[in-house]
Amino acid sequence: MLNWLARRRADGVSRSAGILFVSPWLQGGGIEQQLELKAGWFARRGYRVEIMSWFVADELSGRPNPMLEAFRDQGIPVRRLRTCTNRMQLVQLAVQVAARAASGRFSLIVGHELAANLVAIAAKLLLANQVRVIAEIHNSSDMYLETRLSGITIWLARALYPYADGILAVSNTVGADASAFFRLDRGRIATIYNPFRLGEIHQLAADRPPEDLPAGPFIVACGRLVRMKGFIELIETFSRIRHRVAADLVILGEGPLRTELERCAQANGVADRVRLPGFVSNPFAYFARAGVFVLSSMLKESFSRALVEAMACGVPVIASRCGGPEEILGDGRYGFLYPIGDMEALAAGIVRILERPAEAAELATAARRRAAEWSEEKILPRIEAFYFARPGDDGPAATPREAEQHSQRHAEHGAGHPVIPR
(Lines give C-alpha, C1' and ligand atoms only; values in the text may rest on other atoms or scores of the structure.)
Protein backbone atom coordinates (compact mmCIF):
# COMPACT_ATOMS: atom_id res chain seq x y z
CA MET A 1 0.00 0.00 0.00
CA LEU A 2 2.78 2.43 0.90
CA ASN A 3 4.63 1.91 -2.40
CA TRP A 4 1.33 2.28 -4.26
CA LEU A 5 0.68 5.55 -2.45
CA ALA A 6 4.15 6.81 -3.31
CA ARG A 7 3.54 6.00 -6.99
CA ARG A 8 0.16 7.75 -6.90
CA ARG A 9 1.92 10.77 -5.48
CA ALA A 10 3.66 11.26 -8.82
CA ASP A 11 0.31 11.59 -10.63
CA GLY A 12 -0.12 15.34 -10.96
CA VAL A 13 2.77 16.20 -8.62
CA SER A 14 6.05 16.64 -10.44
CA ARG A 15 9.25 16.33 -8.44
CA SER A 16 10.53 19.35 -10.35
CA ALA A 17 7.76 21.40 -8.72
CA GLY A 18 9.77 21.39 -5.52
CA ILE A 19 9.49 21.44 -1.74
CA LEU A 20 9.99 24.55 0.38
CA PHE A 21 10.98 23.70 3.96
CA VAL A 22 10.40 26.43 6.57
CA SER A 23 12.11 26.42 9.98
CA PRO A 24 12.33 29.22 12.56
CA TRP A 25 15.96 28.44 13.28
CA LEU A 26 19.00 26.54 12.03
CA GLN A 27 21.04 25.97 15.18
CA GLY A 28 22.03 22.32 15.01
CA GLY A 29 19.32 20.97 17.32
CA GLY A 30 17.40 17.75 16.86
CA ILE A 31 14.61 19.34 14.79
CA GLU A 32 17.12 20.93 12.42
CA GLN A 33 19.03 17.66 12.10
CA GLN A 34 15.83 15.92 11.05
CA LEU A 35 15.19 18.73 8.57
CA GLU A 36 18.67 18.32 7.08
CA LEU A 37 18.24 14.56 6.76
CA LYS A 38 14.86 14.86 5.03
CA ALA A 39 15.82 17.75 2.77
CA GLY A 40 18.94 15.92 1.59
CA TRP A 41 16.98 12.74 0.88
CA PHE A 42 14.35 14.57 -1.17
CA ALA A 43 17.07 16.44 -3.07
CA ARG A 44 18.78 13.18 -3.96
CA ARG A 45 15.41 11.84 -5.10
CA GLY A 46 15.27 14.59 -7.70
CA TYR A 47 13.03 17.13 -5.95
CA ARG A 48 13.89 20.82 -6.01
CA VAL A 49 14.44 21.68 -2.36
CA GLU A 50 14.99 25.01 -0.59
CA ILE A 51 15.16 26.03 3.06
CA MET A 52 13.73 29.25 4.48
CA SER A 53 14.57 30.35 8.03
CA TRP A 54 14.81 33.54 10.05
CA PHE A 55 17.07 32.72 13.01
CA VAL A 56 20.29 31.72 11.27
CA ALA A 57 23.81 32.28 12.64
CA ASP A 58 26.94 31.79 10.56
CA GLU A 59 28.71 30.39 13.63
CA LEU A 60 27.62 28.35 16.64
CA SER A 61 29.85 28.22 19.74
CA GLY A 62 32.74 29.63 17.72
CA ARG A 63 32.46 27.03 14.96
CA PRO A 64 30.91 27.28 11.49
CA ASN A 65 27.20 26.49 11.63
CA PRO A 66 27.03 22.74 10.82
CA MET A 67 23.54 23.08 9.37
CA LEU A 68 24.63 25.66 6.82
CA GLU A 69 27.63 23.53 5.90
CA ALA A 70 25.46 20.41 5.49
CA PHE A 71 22.95 22.17 3.25
CA ARG A 72 25.70 23.76 1.18
CA ASP A 73 27.46 20.42 0.70
CA GLN A 74 24.20 18.96 -0.65
CA GLY A 75 23.54 21.90 -2.95
CA ILE A 76 20.42 22.98 -1.04
CA PRO A 77 19.87 26.77 -0.96
CA VAL A 78 19.12 28.44 2.38
CA ARG A 79 17.18 31.71 2.23
CA ARG A 80 17.19 33.98 5.26
CA LEU A 81 13.93 35.75 5.97
CA ARG A 82 13.73 39.33 7.18
CA THR A 83 11.97 39.79 10.51
CA CYS A 84 10.55 42.56 12.63
CA THR A 85 9.88 42.59 16.35
CA ASN A 86 6.27 43.75 16.32
CA ARG A 87 3.02 41.85 15.98
CA MET A 88 3.25 42.00 12.20
CA GLN A 89 6.09 39.46 12.15
CA LEU A 90 3.85 36.55 11.15
CA VAL A 91 2.43 38.50 8.21
CA GLN A 92 5.87 39.72 7.13
CA LEU A 93 7.31 36.21 7.16
CA ALA A 94 4.26 34.70 5.45
CA VAL A 95 4.45 37.27 2.64
CA GLN A 96 8.09 36.35 1.99
CA VAL A 97 7.37 32.61 1.99
CA ALA A 98 4.33 33.05 -0.25
CA ALA A 99 6.33 35.18 -2.67
CA ARG A 100 9.10 32.59 -2.90
CA ALA A 101 6.63 29.72 -3.28
CA ALA A 102 4.95 31.56 -6.15
CA SER A 103 8.10 32.76 -7.93
CA GLY A 104 9.82 29.39 -7.53
CA ARG A 105 6.67 27.45 -8.43
CA PHE A 106 6.90 25.28 -5.32
CA SER A 107 3.98 22.89 -4.93
CA LEU A 108 4.60 22.01 -1.28
CA ILE A 109 5.54 23.99 1.84
CA VAL A 110 6.58 22.01 4.93
CA GLY A 111 6.70 23.80 8.28
CA HIS A 112 8.91 22.57 11.09
CA GLU A 113 7.53 23.43 14.51
CA LEU A 114 4.90 25.91 15.64
CA ALA A 115 6.16 29.27 14.36
CA ALA A 116 7.12 27.84 10.97
CA ASN A 117 3.80 26.02 10.72
CA LEU A 118 1.85 29.23 11.26
CA VAL A 119 3.96 31.05 8.67
CA ALA A 120 3.52 28.22 6.14
CA ILE A 121 -0.26 28.06 6.60
CA ALA A 122 -0.58 31.85 6.40
CA ALA A 123 1.45 31.76 3.17
CA LYS A 124 -0.97 29.18 1.77
CA LEU A 125 -3.92 31.45 2.53
CA LEU A 126 -2.15 34.38 0.86
CA LEU A 127 -1.75 32.17 -2.21
CA ALA A 128 -5.48 31.35 -2.21
CA ASN A 129 -4.78 27.71 -1.32
CA GLN A 130 -2.77 27.14 -4.51
CA VAL A 131 0.00 25.36 -2.61
CA ARG A 132 -0.08 22.30 -0.35
CA VAL A 133 1.09 22.74 3.27
CA ILE A 134 2.27 20.13 5.76
CA ALA A 135 2.60 21.20 9.40
CA GLU A 136 5.07 19.11 11.40
CA ILE A 137 4.80 19.08 15.20
CA HIS A 138 8.01 18.15 17.01
CA ASN A 139 7.40 19.48 20.54
CA SER A 140 4.89 18.87 23.29
CA SER A 141 2.79 21.52 25.01
CA ASP A 142 5.10 21.25 28.04
CA MET A 143 7.80 22.88 25.92
CA TYR A 144 5.45 25.64 24.81
CA LEU A 145 4.43 26.36 28.38
CA GLU A 146 8.04 26.21 29.58
CA THR A 147 8.96 28.89 27.03
CA ARG A 148 5.94 31.02 28.01
CA LEU A 149 4.19 30.82 24.67
CA SER A 150 1.90 33.83 24.27
CA GLY A 151 -1.84 33.48 24.36
CA ILE A 152 -2.19 35.09 20.94
CA THR A 153 0.16 32.50 19.42
CA ILE A 154 -1.93 29.69 20.89
CA TRP A 155 -5.07 31.35 19.53
CA LEU A 156 -3.50 31.71 16.08
CA ALA A 157 -2.43 28.07 16.08
CA ARG A 158 -5.94 26.91 16.92
CA ALA A 159 -7.32 29.12 14.16
CA LEU A 160 -4.76 28.25 11.45
CA TYR A 161 -3.90 24.57 11.97
CA PRO A 162 -7.20 23.35 10.45
CA TYR A 163 -6.13 24.91 7.12
CA ALA A 164 -3.06 22.66 6.84
CA ASP A 165 -3.38 19.91 4.22
CA GLY A 166 -1.65 17.51 6.58
CA ILE A 167 -0.46 17.57 10.19
CA LEU A 168 2.38 15.24 11.11
CA ALA A 169 3.49 14.40 14.66
CA VAL A 170 6.74 12.64 15.53
CA SER A 171 5.06 10.37 18.09
CA ASN A 172 1.60 9.38 19.28
CA THR A 173 2.34 11.27 22.48
CA VAL A 174 2.87 14.48 20.51
CA GLY A 175 -0.17 13.82 18.34
CA ALA A 176 -2.51 13.34 21.29
CA ASP A 177 -0.99 16.30 23.11
CA ALA A 178 -1.35 18.60 20.08
CA SER A 179 -4.94 17.47 19.57
CA ALA A 180 -5.82 18.49 23.12
CA PHE A 181 -3.69 21.63 23.35
CA PHE A 182 -4.62 23.10 19.96
CA ARG A 183 -8.17 21.66 19.97
CA LEU A 184 -7.67 19.66 16.78
CA ASP A 185 -9.43 16.57 15.53
CA ARG A 186 -7.12 13.70 16.55
CA GLY A 187 -7.94 11.91 13.33
CA ARG A 188 -6.32 14.72 11.34
CA ILE A 189 -2.92 14.24 12.99
CA ALA A 190 -0.77 11.47 11.55
CA THR A 191 2.20 9.89 13.29
CA ILE A 192 5.47 9.03 11.59
CA TYR A 193 8.52 8.60 13.77
CA ASN A 194 11.81 10.38 13.05
CA PRO A 195 14.25 8.78 10.57
CA PHE A 196 17.91 8.11 11.40
CA ARG A 197 21.09 7.50 9.42
CA LEU A 198 21.85 4.29 11.26
CA GLY A 199 24.73 3.28 9.01
CA GLU A 200 26.49 6.55 9.76
CA ILE A 201 25.81 6.17 13.48
CA HIS A 202 27.29 2.66 13.52
CA GLN A 203 30.36 3.86 11.64
CA LEU A 204 30.97 6.79 13.99
CA ALA A 205 30.35 4.59 17.03
CA ALA A 206 33.26 2.40 15.93
CA ASP A 207 35.56 5.42 15.64
CA ARG A 208 38.59 5.62 17.89
CA PRO A 209 37.80 6.34 21.55
CA PRO A 210 37.81 10.01 22.58
CA GLU A 211 40.92 11.07 24.49
CA ASP A 212 38.89 12.21 27.50
CA LEU A 213 36.99 8.91 27.79
CA PRO A 214 37.00 7.54 31.37
CA ALA A 215 39.39 4.65 31.88
CA GLY A 216 36.73 2.56 33.60
CA PRO A 217 32.96 2.05 33.28
CA PHE A 218 30.81 5.14 32.92
CA ILE A 219 27.21 6.33 32.70
CA VAL A 220 26.43 8.69 29.83
CA ALA A 221 23.74 11.31 29.26
CA CYS A 222 23.42 13.84 26.45
CA GLY A 223 21.50 17.04 25.84
CA ARG A 224 21.43 20.78 26.21
CA LEU A 225 22.40 21.78 29.73
CA VAL A 226 19.04 23.17 30.79
CA ARG A 227 16.86 22.43 33.79
CA MET A 228 14.19 20.40 31.98
CA LYS A 229 16.77 17.73 31.07
CA GLY A 230 17.03 16.69 34.72
CA PHE A 231 20.83 16.67 34.88
CA ILE A 232 20.86 18.09 38.42
CA GLU A 233 18.67 15.21 39.54
CA LEU A 234 20.91 12.80 37.65
CA ILE A 235 24.02 14.07 39.45
CA GLU A 236 22.23 13.83 42.81
CA THR A 237 21.14 10.28 41.96
CA PHE A 238 24.69 9.39 40.96
CA SER A 239 25.98 10.68 44.29
CA ARG A 240 23.66 8.24 46.09
CA ILE A 241 25.16 5.22 44.35
CA ARG A 242 28.78 6.35 44.05
CA HIS A 243 29.88 3.80 46.65
CA ARG A 244 27.95 0.96 44.96
CA VAL A 245 29.15 1.39 41.39
CA ALA A 246 32.70 1.88 40.18
CA ALA A 247 31.70 4.20 37.36
CA ASP A 248 31.95 7.84 36.34
CA LEU A 249 29.15 10.04 34.99
CA VAL A 250 29.62 11.79 31.63
CA ILE A 251 27.09 14.42 30.52
CA LEU A 252 27.57 15.54 26.92
CA GLY A 253 26.28 18.91 25.78
CA GLU A 254 26.51 22.61 26.49
CA GLY A 255 24.13 25.17 27.92
CA PRO A 256 23.39 27.80 30.56
CA LEU A 257 23.22 25.31 33.45
CA ARG A 258 26.90 24.29 33.27
CA THR A 259 28.05 26.27 36.31
CA GLU A 260 25.13 25.03 38.40
CA LEU A 261 25.87 21.42 37.40
CA GLU A 262 29.51 21.84 38.39
CA ARG A 263 28.44 23.25 41.77
CA CYS A 264 25.96 20.40 42.22
CA ALA A 265 28.68 17.81 41.61
CA GLN A 266 30.97 19.61 44.06
CA ALA A 267 28.27 19.88 46.73
CA ASN A 268 27.45 16.17 46.42
CA GLY A 269 31.05 15.04 46.64
CA VAL A 270 31.31 13.65 43.11
CA ALA A 271 33.12 16.45 41.29
CA ASP A 272 36.04 14.11 40.57
CA ARG A 273 33.72 11.56 38.94
CA VAL A 274 31.36 13.80 36.95
CA ARG A 275 32.59 14.97 33.56
CA LEU A 276 31.10 17.71 31.39
CA PRO A 277 32.99 17.59 28.07
CA GLY A 278 30.64 20.12 26.48
CA PHE A 279 29.65 19.83 22.83
CA VAL A 280 31.28 16.85 21.10
CA SER A 281 31.16 16.22 17.37
CA ASN A 282 30.85 12.45 17.79
CA PRO A 283 28.71 11.50 20.80
CA PHE A 284 28.28 7.99 19.36
CA ALA A 285 31.86 7.07 20.31
CA TYR A 286 30.86 7.78 23.93
CA PHE A 287 27.51 6.01 23.68
CA ALA A 288 28.99 2.81 22.28
CA ARG A 289 31.48 2.50 25.16
CA ALA A 290 29.16 3.44 28.03
CA GLY A 291 27.73 0.99 30.52
CA VAL A 292 24.32 2.67 30.39
CA PHE A 293 22.67 5.69 28.76
CA VAL A 294 20.27 7.77 30.88
CA LEU A 295 17.52 10.11 29.68
CA SER A 296 16.53 12.02 32.82
CA SER A 297 14.05 14.55 31.40
CA MET A 298 11.74 16.28 33.86
CA LEU A 299 9.20 17.43 31.25
CA LYS A 300 7.39 15.65 28.45
CA GLU A 301 9.67 14.73 25.53
CA SER A 302 8.23 14.51 22.04
CA PHE A 303 10.54 11.74 20.84
CA SER A 304 14.22 12.01 21.96
CA ARG A 305 16.72 11.71 19.18
CA ALA A 306 19.59 11.01 21.60
CA LEU A 307 17.75 8.01 23.08
CA VAL A 308 17.35 6.30 19.69
CA GLU A 309 20.96 7.10 18.79
CA ALA A 310 22.19 5.50 22.01
CA MET A 311 20.06 2.42 21.34
CA ALA A 312 21.50 2.21 17.83
CA CYS A 313 24.97 2.16 19.39
CA GLY A 314 24.03 -0.95 21.35
CA VAL A 315 23.99 0.48 24.87
CA PRO A 316 21.30 -0.38 27.46
CA VAL A 317 19.13 2.64 28.21
CA ILE A 318 17.08 4.09 31.04
CA ALA A 319 14.53 6.86 30.50
CA SER A 320 12.01 8.77 32.55
CA ARG A 321 8.35 8.26 31.69
CA CYS A 322 8.19 11.48 29.70
CA GLY A 323 6.01 10.67 26.70
CA GLY A 324 7.81 9.88 23.47
CA PRO A 325 10.54 7.76 25.14
CA GLU A 326 7.83 5.46 26.50
CA GLU A 327 6.83 4.71 22.90
CA ILE A 328 10.46 4.28 21.85
CA LEU A 329 11.07 1.77 24.64
CA GLY A 330 7.84 -0.11 24.03
CA ASP A 331 6.63 0.70 27.54
CA GLY A 332 9.67 -1.01 29.03
CA ARG A 333 10.39 -3.81 26.57
CA TYR A 334 13.50 -2.21 25.06
CA GLY A 335 14.84 -0.31 28.06
CA PHE A 336 14.07 0.59 31.65
CA LEU A 337 11.52 3.30 32.48
CA TYR A 338 11.09 5.17 35.74
CA PRO A 339 8.61 7.82 36.95
CA ILE A 340 9.75 11.40 36.32
CA GLY A 341 11.74 12.67 39.30
CA ASP A 342 11.85 9.28 41.08
CA MET A 343 15.53 9.26 41.98
CA GLU A 344 15.30 6.00 43.90
CA ALA A 345 13.92 4.18 40.87
CA LEU A 346 16.57 5.75 38.63
CA ALA A 347 19.32 4.72 41.03
CA ALA A 348 17.96 1.17 41.17
CA GLY A 349 17.93 0.96 37.39
CA ILE A 350 21.50 2.18 36.99
CA VAL A 351 22.80 -0.22 39.64
CA ARG A 352 20.84 -3.11 38.15
CA ILE A 353 22.28 -2.63 34.67
CA LEU A 354 25.85 -2.11 35.86
CA GLU A 355 25.74 -5.09 38.24
CA ARG A 356 24.05 -7.55 35.86
CA PRO A 357 26.15 -7.73 32.69
CA ALA A 358 24.17 -10.60 31.15
CA GLU A 359 20.88 -8.73 31.49
CA ALA A 360 22.55 -5.54 30.28
CA ALA A 361 23.81 -7.31 27.15
CA GLU A 362 20.35 -8.71 26.43
CA LEU A 363 18.82 -5.27 26.88
CA ALA A 364 21.44 -3.67 24.61
CA THR A 365 20.71 -6.19 21.85
CA ALA A 366 16.98 -5.51 22.11
CA ALA A 367 17.60 -1.75 22.05
CA ARG A 368 19.71 -1.94 18.90
CA ARG A 369 17.10 -4.12 17.19
CA ARG A 370 14.39 -1.62 18.12
CA ALA A 371 16.41 1.33 16.80
CA ALA A 372 16.69 -0.38 13.41
CA GLU A 373 12.98 0.31 12.88
CA TRP A 374 13.75 4.02 12.43
CA SER A 375 16.26 3.72 9.62
CA GLU A 376 15.94 6.39 6.95
CA GLU A 377 15.34 3.65 4.39
CA LYS A 378 12.15 2.65 6.20
CA ILE A 379 10.85 6.01 7.41
CA LEU A 380 11.54 8.48 4.60
CA PRO A 381 9.36 6.75 1.96
CA ARG A 382 6.49 6.96 4.47
CA ILE A 383 7.08 10.67 4.87
CA GLU A 384 7.18 11.14 1.09
CA ALA A 385 3.89 9.28 0.71
CA PHE A 386 2.29 11.43 3.42
CA TYR A 387 3.57 14.70 1.99
CA PHE A 388 1.92 14.02 -1.36
CA ALA A 389 -1.13 11.97 -0.33
CA ARG A 390 -4.40 13.00 -1.95
CA PRO A 391 -7.59 13.56 0.03
CA GLY A 392 -9.07 10.15 0.75
CA ASP A 393 -5.77 8.30 0.44
CA ASP A 394 -5.34 5.82 3.27
CA GLY A 395 -1.63 5.67 3.99
CA PRO A 396 -1.39 3.06 6.73
CA ALA A 397 2.12 3.98 7.76
CA ALA A 398 1.15 7.59 8.27
CA THR A 399 -1.86 7.33 10.55
CA PRO A 400 -2.21 7.22 14.32
CA ARG A 401 -4.05 3.89 14.03
CA GLU A 402 -1.08 2.30 12.24
CA ALA A 403 1.32 3.58 14.85
CA GLU A 404 -0.82 2.17 17.64
CA GLN A 405 -1.11 -1.20 15.90
CA HIS A 406 2.63 -1.10 15.40
CA SER A 407 3.14 -0.69 19.14
CA GLN A 408 0.65 -3.48 19.87
CA ARG A 409 2.58 -5.87 17.64
CA HIS A 410 5.68 -5.13 19.67
CA ALA A 411 3.77 -5.71 22.86
CA GLU A 412 2.92 -9.20 21.61
CA HIS A 413 6.43 -10.00 20.40
CA GLY A 414 8.55 -7.73 22.59
CA ALA A 415 11.73 -8.61 24.40
CA GLY A 416 9.98 -8.72 27.75
CA HIS A 417 12.31 -6.43 29.70
CA PRO A 418 10.73 -5.15 32.90
CA VAL A 419 9.93 -1.61 33.87
CA ILE A 420 11.78 -0.53 36.97
CA PRO A 421 9.43 -1.08 39.92
CA ARG A 422 8.64 1.85 42.13
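The values are calculated or read from the model by the stated rules, or taken from the named source; none is laboratory data. Quick caveat: nothing in here was measured; it's all calculated off a predicted structure. Here the Cβ positions follow ideal geometry from the backbone for every residue, glycine too, while neighbour counts run over all protein chains shown.
Listed by position, the helices (runs of 4 or more DSSP H) contained in the range 124-240 that have at least 2 residues being at pLDDT 95 or above are 151-160, 172-181, 198-205.
I need the full set of residues from the range 283-308 which are in contact with a Pro (Cβ under 7 Å, 6 or more places away or on another chain) and modelled with pLDDT of 95 or more, in order please. Listed by number, the residues that qualify are ALA285, TYR286, ARG289, GLY291, VAL292, LEU295, LEU307. Taken over the range 241-255, the criterion of being under 26 Å from the mean Cα position of the chain (by Cα) and modelled with pLDDT of 95 or more is satisfied by LEU249, VAL250, ILE251, LEU252. The residues on offer are ALA345, ALA389, and the sole one that is surrounded by fewer than 23 Cβ atoms within 10 Å (Cβ to Cβ), over 20 Å from the mean Cα position of the chain (by Cα) and in a helix (DSSP H, G or I) is ALA345.
Evaluation of GLY28 against the conditions (1) closer than 25 Å to ASP165 by Cα; (2) surrounded by 13 or more Cβ atoms within 10 Å (Cβ to Cβ) shows that the sole unmet condition is (1). Scanning the range 67-109 for residues that are out of contact with any strand residue (DSSP E or B) (no Cβ under 7 Å at 6 or more places or on another chain), more than 12 Å from ALA123 (Cβ to Cβ) and in a helix (DSSP H, G or I) yields GLU69, ALA70, ARG72, ASP73, GLN89, SER103. Out of the residues in the range 111-123 that are not in a strand (DSSP E or B) and not hydrophobic (A, V, I, L, M, F, W, C), which is nearest to GLY29 (Cα to Cα)? Here the answer is GLU113. Before we move on, is VAL56 surrounded by 13 or more Cβ atoms within 10 Å (Cβ to Cβ), at pLDDT below 95 and either within 28 Å of VAL170 (Cα to Cα) or not assigned by TED's automatic domain parsing to the domain that holds PHE279 (or both)? Against the criterion (surrounded by 13 or more Cβ atoms within 10 Å (Cβ to Cβ), at pLDDT below 95 and either within 28 Å of VAL170 (Cα to Cα) or not assigned by TED's automatic domain parsing to the domain that holds PHE279 (or both)), VAL56 qualifies.
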